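Single-structure report; data block below.
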Amino acid sequence: MSFNDDEQIISTQDSGSKPIPITPGRVQLVSIHNNMVPLEESKLRVMLEITGGGSTNDRPGLDLVAVLDVSGSMGGEKIAKVKTAMLFMIYKLSPIDRLSVVTFESGAKRLCPLRQITENSQKELENLINGLNASGGTNITAGLQTGLKVINDRSLSGGRSVGIMLMSDGEQNVGGDAAKVPVGNVPVHTFGFGTDQDPVVLKAIADNSIEGTFSDVQNMDNLSIAFSQCLAGLLTLVVEDLRLKVIRYEDESTIEQVIAGSYPQSKDNANGSVTVTFGGLYAKEVRKVIVDLLLPAVTQEREADVLQITYSYSFQGSPFEANPATITVRRTGKFAEQQERPEVKIEETRLRIVNVIKEARKMAEKNELRNARDKLVEAQNSLGDVDDKSNPMVEMLASELQQLLKMMESQKIYEKQGRPFALSSETSHDRQRFTTRGDQEEGPRPFATPRMDKYLEQARSFNKEPSKPPPSVDEDVQEEITANPLAPVIGAINYYLQLAIKCLLAIEKIINRGL
């Protein structure tokens, strides 16, 4: 059976925008590194930061599939919380968006095709959600495959973004292994609901997609909040298929390694390049990449080009490739030892703590809780040696370690709470993308964007008063434009200013070499 009966988008007065020509400046690239290197063979660490633009007034329409566990264990309060969380999402979407709902228990069922969000369809979707009932086993594989089929069979797909949000409260006990289902280029975001979830499988599903995440929702009251944070990202997509490419300069540098979390890398030995594929990037979301270079010994002082950087992306189906940027350092015999830049040191600390969390989890899986706790305590103590202890990331890391320590007080507590918390933390840091974890609303919020912060408050209010719909995404965008009228054009302005500066620096370099 084909699912090509998705509704076509009918323009309404409020649905807004037509596709516009792609403009540069949708992302910003910054490099952070020391600019003086001795004449001897030396190592140079470069940190690159890619930040998504702040304007989403021309975002692509979203095709979202909610894949919901309605097995027998979801009865009572759980299914009620799912209904509230889904209603929040239905109210947030706009007429350029479409929503399909898939449920699974022993089998899977598509409850509706991709529906354009209108006043009438919102009411019909609300009735559909309020009619959900729980029964049967847990066939995550069938639910995931059905959700993917809804996306892949669409008759209208050009220029649109996609996403699957899959929620389950238990272990798969019917069907095959969902962790082995190929998901292609579809972002799949999974949510473990309650304390009987299967976080290993849910994280594996998310890891199978380039930019998917796994959120741990142990507190049933927080499902609306968890959904809201994922939706805030999907509704603020600024680019798709983002790729960063770094190329060595022959005879001037060698790329020893590129550190970019779990994002896939491809190497071209012929030109000494490495390409990192990130997928989509949300507004104000940041990706940090560390590039370690080895610079050969030289005999005289001079300026040296050591790394070329470029990035590319697509937006509403149109490709864009930025002009290459070059990192230049001064090779000098009058070298004074330079400290690593503070921003780089904080990122190094984050990467080190994340590795500790992974090692501690592996120990806990072997029933080595004492060793795992010792590892976490050692990491906690090491944060006391960080120069900038008040840095928000350092405070977040300290909070994560403290929470995980509490969840490793016994093997039983670890298996119920610590394991999903640690796996969600790992996927968040590997993807540099916010995920909900634990049973608390408060706590670490690394990688959260401004829109996520806004939706957090809206979801809290909606939980208290579900009869009062939250503002729509269009109202959110209008509020942001009113607060910052230049937001839609500031990215392009910055891009052209940076391009002009690069040209001036290149001219200066040519003149200096001529002298």
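A few comments on the model shown:
- Among residues that are in a loop (DSSP other than H, G, I, E, B) and more than 22 Å from the chain's Cα centre (by Cα), P471 is included.
- Against the conditions (1) part of a loop (DSSP other than H, G, I, E, B); (2) touching a helix residue (DSSP H, G or I) at 6+ places or on another chain (Cβ under 9 Å); (3) closer than 30 Å to N484 by Cβ; (4) not charged (D, E, K, R), T138 satisfies every one except (3).
- For beta carbons closer than 8 Å, sequence separation of 6+ or different chains, a first residue in region 50-78 that is more than 27 Å from S157 (Cα to Cα) and a second that is open to solvent by 10 Å² or more (accessible area, probe 1.4 Å) and part of a helix (DSSP H, G or I), the qualifying pairs are V70/I79; E77/M220; K78/M220.
- Number of positions in region 278-291 that are part of a strand (DSSP E or B) and open to solvent by 20 Å² or more (accessible area, probe 1.4 Å): 2
- Test: residue in region 322-344 that is farther than 21 Å from L234 by Cα, of a type in the set (A, V, I, L, M), open to solvent by less than 30 Å² (accessible area, probe 1.4 Å) and touching a helix residue (DSSP H, G or I) at 6+ places or on another chain (Cβ under 7 Å): yes
- Inter-residue pairs, beta-carbon under 7 Å, first farther than 16 Å from V67 by Cβ and open to solvent by less than 50 Å² (accessible area, probe 1.4 Å) and in region 166-195, second at pLDDT below 95 and assigned to a loop (DSSP other than H, G, I, E, B), 6+ apart: G194/D169; G194/Q218
- Evaluation of T84 against the conditions (1) part of a loop (DSSP other than H, G, I, E, B); (2) touching a Pro at 6+ places or on another chain (Cβ under 8 Å) shows that the sole unmet condition is (1).
- Considering residues of region 105-119 that are open to solvent by 10 Å² or more (accessible area, probe 1.4 Å) and among the aliphatic types (A, V, I, L, M) only, the residue nearest to A459 (Cα to Cα): L111
- Complete set of residues in region 30-54 that are small (G, A, S) and farther than 30 Å from I481 by Cβ: S31, S42
- Any strands (runs of 3 or more DSSP E) falling wholly within region 153-266 and containing at least 3 residues that are among the basic types (K, R): 237-248
- Selected residue [at pLDDT 95 or above, in contact with a helix residue (DSSP H, G or I) (Cβ under 9 Å, 6 or more places away or on another chain), open to solvent by 40 Å² or more (accessible area, probe 1.4 Å) and within 16 Å of V188 (Cβ to Cβ)] from Q122, Q145: Q145
- Some residue of region 89-104 being acidic (D, E) and surrounded by fewer than 24 Cβ atoms within 10 Å (Cβ to Cβ): no
- Residues located in region 392-413, provided they are outside any loop (DSSP other than H, G, I, E, B), closer than 13 Å to G438 by Cα and in contact with a helix residue (DSSP H, G or I) (Cβ under 9 Å, 6 or more places away or on another chain): E400, L401, Q402, Q403, L404, L405, K406, I413
- Test: P450 is touching a residue at least 24 places away in the same chain (Cβ under 8 Å) and open to solvent by 60 Å² or more (accessible area, probe 1.4 Å): yes
- Taking region 457-470 as the range and being in contact (Cβ under 8 Å) with a residue 12 or more places away in the chain and either over 30 Å from T427 (Cα atoms) or buried (at least 18 other Cβ atoms within 10 Å of the Cβ) (or both) as the test, the residues that pass are Q458, A459, F462, N463, P466, P469, P470.
- P446 being at pLDDT below 95, under 18 Å from the mean Cα position of the chain (by Cα) and under 18 Å from A283 (Cα atoms): yes
- The listed residue being more than 28 Å from P264 (Cα to Cα), in a loop (DSSP other than H, G, I, E, B) and basic (K, R), out of K389, K416: K389
- If you go through region 247-269 and keep only what is at pLDDT 95 or above, open to solvent by 40 Å² or more (accessible area, probe 1.4 Å) and of a type outside the set (K, R), you end up with Y249, T254, E256, Q257, I259, G261, S262, P264, Q265, S266, D268.
- Residue under evaluation Q338, criteria (1) within 28 Å of F434 (Cβ to Cβ); (2) over 27 Å from the mean Cα position of the chain (by Cα), criterion not met: (1)
The values are calculated or read from the model by the stated rules, or taken from the named source; none is laboratory data. Nothing here was measured: the structure is a model prediction, and the numbers come from that model. Reconstructed Cβ throughout: ideal geometry from the backbone, glycine too, with neighbour counts over all protein chains shown. Protein only, heavy atoms only, side chains kept; ligands, DNA and RNA dropped before computing areas. Shrake-Rupley method; radii C 1.70, N 1.55, O 1.52, S 1.80 Å.
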